[in-house]
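For reference, the structure discussed in these notes is given below.
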Ligand SMILES: Cc1cc2nc3c(=O)[nH]c(=O)nc-3n(C[C@H](O)[C@H](O)[C@H](O)COP(=O)(O)OP(=O)(O)OC[C@H]3O[C@@H](n4cnc5c(N)ncnc54)[C@H](O)[C@@H]3O)c2cc1C
């Protein structure tokens, strides 16, 4: 079975988020990291490949630094990686990004068909959770989003979804697109052996021309949405720092009582 895992390179959520021209998130500040939720997607794909046999391809669309995201995938155990990078992609919205990912998956599947595409539940910078469904629509395959469990057997994929008051089981024929939640598994840490092995694994770099995509179909020109306004949130006012050592609990209780919060 051939599995493609889409992984996103995002600004580190611990760092200060920077907004650039037109309110766009600055993505090449050097403090980027693999989107944490995509580690669950990688883990799900690696377990499936171990169980039923096959290979895992880590795929990212993003600026030069984004290659780090697929390299982490290789360290965790993916067999190969693909990085799509092109200046014209900057400013793409969900649809533009899905268009590039769909073309890359078609490209990857040209020699050896792709059976399953696995994604995380959300990119921690964009947070739309729309990409998996947009990608499935463009690939014209079933979408099974937000899976807490994924199994594959007899040419089908089956997922369990945890809803507020129910558990749902969905099944679809392969090929299909699945996104997994952070309840799906506990991602493995790359070990030393994995890190050394990753250095020898292939990383293919592709541009829009390799994928037959016209620059005008992506980026801000191809986007169906526009950032109307974006501004840093003002610092919170009236903050009280309780820093009283062993007296901190007493001070906190006094503050809550005084302000009728307890
Ligand atoms: C260089 C660049 C510049 C961009 N500029 C803008 C912009 O200015 N304005 C704007 O609205 N959007 C922009 N985007 C697009 C945006 O960052 C997202 O890719 C898209 O909007 C969906 O993001 P999300 O986090 O909401 O996706 P979600 O649907 O929340 O993500 C779900 C899953 O989809 C996968 N995924 C998402 N994005 C990628 C990716 N790039 N590569 C591989 N897998 C992915 C991951 O598995 C992720 O867990 C840009 C993207 C790139 C690569």
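Does residue 112 qualify as being under 18 Å from residue 55 (Cβ atoms) and either over 19 Å from the mean Cα position of the chain (by Cα) or surrounded by fewer than 23 Cβ atoms within 10 Å (Cβ to Cβ) (or both)? Judged against the criteria, residue 112 is a match. Residues of the stretch 101-117 that are more than 8 Å from the ligand (Cβ to nearest atom) and touching a helix residue (DSSP H, G or I) at 6+ places or on another chain (Cβ under 8 Å): 102, 103, 104, 105, 106, 107, 114, 116, 117. When restricted to residues that are out of contact with any helix residue (DSSP H, G or I) (no Cβ under 7 Å at 6 or more places or on another chain), over 22 Å from residue 103 (Cα atoms) and not in a loop (DSSP other than H, G, I, E, B), the stretch 180-228 contains 4.
On inspection, residue 152 qualifies as away from the ligand (no atom under 16 Å from the Cβ) and touching a helix residue (DSSP H, G or I) at 6+ places or on another chain (Cβ under 8 Å). Filtering the stretch 134-147 to residues that are touching a strand residue (DSSP E or B) at 6+ places or on another chain (Cβ under 6 Å) and surrounded by fewer than 18 Cβ atoms within 10 Å (Cβ to Cβ) leaves only 142.
Select from the stretch 80-89 the residues that are more than 20 Å from residue 176 (Cβ to Cβ) and buried (at least 17 other Cβ atoms within 10 Å of the Cβ) and write down the one among them that is farthest from the ligand (Cβ to nearest atom).
Step by step, filter the stretch 80-89, then rank; the result is 80.
Scoring residue 22 on the criteria (1) near the ligand (Cβ under 8 Å from one of its atoms); (2) closer than 19 Å to residue 195 by Cα; (3) assigned to a helix (DSSP H, G or I) leaves a single failure, condition (2).
Just for the stretch 27-54: of the residues that are within 13 Å of the ligand (Cβ to nearest atom) and modelled with pLDDT under 75, which one is nearest to residue 175 (Cα to Cα)? Here the residue is 27.
Failed condition for residue 120, given (1) more than 16 Å from the ligand (Cβ to nearest atom); (2) crowded, with 17+ Cβ neighbours inside 10 Å, with all others met? For residue 120, the exception is condition (1).
Of the residues making up the stretch 43-60, those that are over 21 Å from residue 85 (Cα atoms) and crowded, with 22+ Cβ neighbours inside 10 Å are 44, 45, 46, 48. Evaluated against (1) modelled with pLDDT of 95 or more; (2) more than 19 Å from residue 59 (Cβ to Cβ), residue 174 falls short on exactly one condition, (2).
Only one residue in 174, 130, 146 is more than 9 Å from the ligand (Cβ to nearest atom) and under 25 Å from residue 12 (Cα atoms), so which one is that? Step through it out loud before you land on a result.
Working: 174 fails: under 25 Å from residue 12 (Cα atoms); 130 fails: more than 9 Å from the ligand (Cβ to nearest atom).
Only one candidate passes the filter, namely 146.
Please find, among 66, 102, 98, 45, the residue that is farther than 22 Å from residue 220 by Cβ and in contact (Cβ under 8 Å) with a residue 24 or more places away in the chain. Exactly one residue qualifies, and that residue is 45. Closer than 25 Å to residue 148 by Cβ, touching a residue at least 60 places away in the same chain (Cβ under 8 Å), assigned to a strand (DSSP E or B) and within 13 Å of the ligand (Cβ to nearest atom): does that describe residue 5? When the stated conditions are applied, residue 5 passes them.
The values are calculated or read from the model by the stated rules, or taken from the named source; none is laboratory data. Nothing here was measured: the structure is a model prediction, and the numbers come from that model. No Cβ is skipped: glycine too gets one built from the backbone with ideal geometry, and neighbour counts run over all protein chains shown.
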